[in-house]
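Here the structure is laid out as structure tokens; the discussion comes afterwards.
The values are calculated or read from the model by the stated rules, or taken from the named source; none is laboratory data. Being a predicted model, the structure only gives us computed values, none of them experimental. Glycine gets a Cβ as well: all are built from the backbone with ideal geometry, and neighbour counts include every protein chain shown.
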Amino acid sequence: MDATWFTAVQAAEHADRARQLLSAGAAHITPATIRQWVKRGHLTAAGLDERRRPLYRLGDVARAELATRARALRLVGISS
């Protein structure tokens, strides 16, 4: 279980670095991307910070990124 939780901004930064490493600099992940993953049910907040901003587990963010990347590749006819 992940001990550290991240805000949408922090989660986007981590996911963006991971995507760049895995996909040779593919599209950037922004806090808006994180919010869309939540809206679409790919990611769920694990808690709230002191300002009531949603917090996300890094493992959950990684799984959401992998799932959405795999789906995007399938949609363009590339198997992952």
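All told, Asp16 meets the bar of being crowded, with 17+ Cβ neighbours inside 10 Å, part of a helix (DSSP H, G or I), among the acidic types (Asp, Glu) and at pLDDT below 85. Take the residues in the range 27-43 that are free of Cβ contacts under 8 Å to residues at least 12 places away in the same chain and in a loop (DSSP other than H, G, I, E, B); name whichever of them is surrounded by the fewest Cβ atoms within 10 Å (Cβ to Cβ). Of everything passing the filter in the range 27-43, Gly41 is surrounded by the fewest Cβ atoms within 10 Å (Cβ to Cβ). Hey, could you check the range 44-80 for residues that are of a type outside the set (A, V, I, L, M, F, W, C) and assigned to a helix (DSSP H, G or I) and say which is modelled with the highest pLDDT? Here the residue is Asp60.
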